[in-house]
Amino acid sequence: MIHRFDFLVIGSGIAGLSYALKVASHGTVAIITKKQKAESNTNYAQGGVAAVMAETDSFELHIQDTLATGVGLCNTTAVETMVKEGPTRLKELIDIGVEFTQKNSKLDLGREGGHSVNRIVHARDLTGQEIERALLAKIASTSNIHTFENHIAIDLLTEHHIAGKMVLDRSNVHCWGAYALSELNDTVEIFLAKVVLLSTGGLGQVYLHTTNPVIATGDGVAMSYRAGAKIANMEFIQFHPTTLHDSGSPSFLISEAVRGFGGILRSQDGEEFMHRYDKRKSLAPRDIVAYAIDTELKKRGEDYVLLDLRHLAADQIKERFPNIHNTCLTKFKLDITKEPIPVVPAAHYSCGGVVTDIDGRTSITGLYAAGEVSMTGVHGANRLASNSLLEALVFSHRAAQSSVEFLKSYAGSIPEVNVWDDSGTFNSEEWILISHNSLEVQQIMWDYVGIVRSDLRLERAFRRSELIRNEVETFYKKTKVTTGLIELRNLVVCATLIIRSAMKRKESRGLHVNTDYHKRDDEKFLCDTVVD
Ligand code: FAD
Ligand code: SIN
């Protein structure tokens, strides 16, 4: 089946939905999303959206906090753009019906690590769910937008897929859509469009322990890489310091806002330890807190540290963090108002991704990217808490504006594309290999490419992941596609991109700590890591 639209949006999180709403008055829009439409990282966001909304705050302060947290690698223009346009984008969310928490008729502003003032706009601890709800409601009442659930994009359509043209010149690629597997009727469909937005989110599932839901398999980065797009800074994987120990998969997040509210990190014997790592203690940026916890656990031979809220008023904890309180109580039999919370770090966010300019353009003509899949340059070597939802809002808006301009100036027609050809492939009996291989990749990444790395570990990870990547590619060519196989193929591509980027950066900076190079080296590495 061939679908034809003006705009194709891949992914239905905050970036994809915001973009779709903005381009819908300029043409027809298809949103394809691999599971149910709300299923996204966005839907699980707890802490909130960082934005300068208080009179006591300023753009300068938010810019400085973002740049300092990014340890020298942020793109200053992108950061300034995000911070200055943030409040307007946030007010648009309020206008479409997002109900953020208020106190005395004003937005209640929370605090998180690395922020010098309270600036986190939130809907108690269910911020993402509230944003997703309101955006989907608005989409439902907007004509011109067609949402295709249970459609997983397999690959982007480029020159490579035009009938008869098999040569791919990586410096001059155009995107006209995507192949997508419909899980409903088990067929591969073609989505053709003049403009494509990639908004497929993150890749936390590359790691054994992650806060990310199962959809976060790095599909956007892997598809773009295969299509020839510029990818950068993949070594900067953010580990969230505080997820509930032994909470299953995905790991249950204990929001940084809990520390902003007064929660204190302690070792199991009750000792506060964060002062040894940073004067901001439990509210230092995430790279520092995650590293500190990892170091303490290794030093003490323990499995978790504690996040202690017992000194805070129980009714206020329940009011501010209803989701965390209820989930801990009902699912894990832990009363966080009375007992300290056992916490460990887990993979949370990808600072790197598909390189874009500040208008969302990738290096492929007709392909835009926004949200976690993109690398706009705002996060540098470490993302400031709650800057992700903000980045997605600001740059999806800018991508929408430049896409509309692109559409207006687009004179060409969409070429004929090869139909999906799976002749010669078979239904494998060996599906168990897929889950085994995924687990193997996740284990390798967790063991060798985690919070603390070394050259030896990275080399070991590289050899093992390359072997799996080759095996998976061979299997992929011979087998009928399934969601599991598509995701495994993408996971292992992302794993190798992370490892190769980490091997290139022979220093320690932000989220990339390598014990063979203890210091930051501005002379050689004050630059992005581009993988080709
Ligand atoms: P997502 O919201 O992840 O959406 C991606 C979409 O793409 C999904 O619909 C997915 O199904 C779809 N998709 C993926 N691959 C394909 C494919 N091949 N084909 C079709 N569809 C596909 N950030 C903050 O700023 N503040 C917070 O408080 C915060 N809390 C967080 C809490 C948790 C538990 C997690 C996991 C993340 C949190 N983050 C937070 C990070 C933030 O939520 C994400 O970075 C952000 O929501 C990403 O938005 P997105 O639109 O780029 O991607
Ligand atoms: C959290 O609530 O701790 C997550 C915030 C973020 O990822 O920015």
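The values are calculated or read from the model by the stated rules, or taken from the named source; none is laboratory data. Source: prediction; values computed, not measured. Ideal geometry is used to build each Cβ from the backbone, glycine not excepted, and the neighbour counts take in all protein chains shown. Each accessible area value is taken on the protein alone, full model and side chains, heavy atoms only, with ligands, DNA and RNA left out. Shrake-Rupley method; radii C 1.70, N 1.55, O 1.52, S 1.80 Å.
A few comments on the model shown:
- Sequentially through the stretch 323-338, phi angles give Karplus couplings (6.51, -1.76, 1.60; θ = phi - 60°) of 5, 5, 4, 5, 4, 4, 6, 7, 8, 10, 6, 10, 8, 5, 7, 10 Hz, Gly and Pro residues having no value and appearing as x.
- The stretch 297-364 - percent relative contact order, Cα under 8 Å, separation 6 or more: 34
- Magnitude of the charge dipole, the stretch 117-201, Cβ model with Lys/Arg +1 and Asp/Glu -1, debye to 20: 420
- The charge dipole of the stretch 411-532, taken about its Cα centre with unit charges on the Cβ of Lys, Arg, Asp and Glu (plus for the first two, minus for the last two), comes to roughly 440 debye.
- With Cα atoms, 0 to 90° folded angle of helix 455-478 axis to the chain main axis: 30
- Percentage relative contact order, the chain, counting C-alpha pairs under 8 Å, at least six apart: 21
- Evaluated with a Cβ-only charge set (Lys, Arg +1; Asp, Glu -1), the chain carries a dipole of roughly 460 debye about its Cα centre, given to the nearest 20.
- Distance from the Cα centroid of the stretch 382-456 to that of the stretch 203-248 is 9 Å (rounded to whole angstrom).
- Simple label model, 7 Å out from Cα along Cβ direction - residue 311 to residue 365, nm: 6.2
- Three-way shape label, the stretch 79-178, alpha-carbon gyration tensor, a/c 1.5: prolate
- Solvent exposure of the stretch 322-411 as accessible area per residue, Å², 1.4 Å probe: 28
- Counting only GluC sites (Glu not before Pro) that DSSP places in a loop and that have at most 16 other Cβ atoms within 10 Å, the longest clean stretch of the chain runs over 303-415.
- Once C-alpha pairs closer than 8 Å and six or more residues apart are averaged by separation and normalised to the residue number of the stretch 1-149, the relative contact order reads 36 percent.
- For the chain, the longest site-free run once chymotrypsin sites (Phe, Trp or Tyr not before Pro) in DSSP loop states with at most 15 other Cβ atoms within 10 Å are removed: 1-409
- Convex hull volume per residue in cubic angstrom - Cα atoms of the chain: 148
- Angle between the chain longest axis and helix 14-23 axis [Cα atoms, degrees, rounded to 10]: 50
- Lys/Arg +1, Asp/Glu -1 at C-beta; the stretch 364-520 dipole; positive extreme among 503, 491, 371: 503
- Square roots of five times the Cα gyration tensor eigenvalues for the stretch 394-532, Å: 33, 29, 12
- Rounded if a/c under 1.5, otherwise prolate or oblate - the stretch 345-427, Cα gyration tensor axes: oblate
- Carbon/sulfur fraction of accessible area - the stretch 231-273, other protein chains in place, 1.4 Å, %: 43
- Taking amide H as placed 1.01 Å from N in the peptide plane, residue 154 has its amide H under 5 Å from the amide H of 179, 180, 181, each at least 5 places away in sequence or on another chain.
- Straight-line cross-link reach from residue 338 at under 19 Å between alpha-carbon atoms covers these lysines, not counting any fewer than eight positions away in the same chain: 318.
- Average projection area in nm² (convex hull over Cα atoms of the stretch 196-354, one quarter of hull surface): 10.6
- Accessible area per residue, Å², the stretch 101-158 with all protein chains present, probe 1.4 Å: 41
- Crossing angle, helix 76-95 versus the chain [Cα axis fit, 0-90 degrees, rounded to tens]: 90
- The calculated 222 nm mean residue ellipticity attributable to helices in the chain amounts to -11500 deg cm²/dmol, summing -39500 (n - 2.57) over DSSP H runs of n ≥ 4 and dividing by all residues.
- Where only alpha carbons of the stretch 1-141 are counted, the Rg and the Dmax (Å): 16.7, 56
- Computed from the Cβ-Cβ distance with R0 of 41 Å, the FRET efficiency linking residue 226 to residue 299 stands at 0.45.
- Base-10 log of normalised Debye intensity for the stretch 268-309 (one unit scatterer per alpha-carbon) at q = 0.20, 0.26, 0.30 Å⁻¹: -0.58, -0.97, -1.21
- Where both bridge residues fall in the chain, DSSP classifies roughly 60% of the beta bridges as antiparallel.
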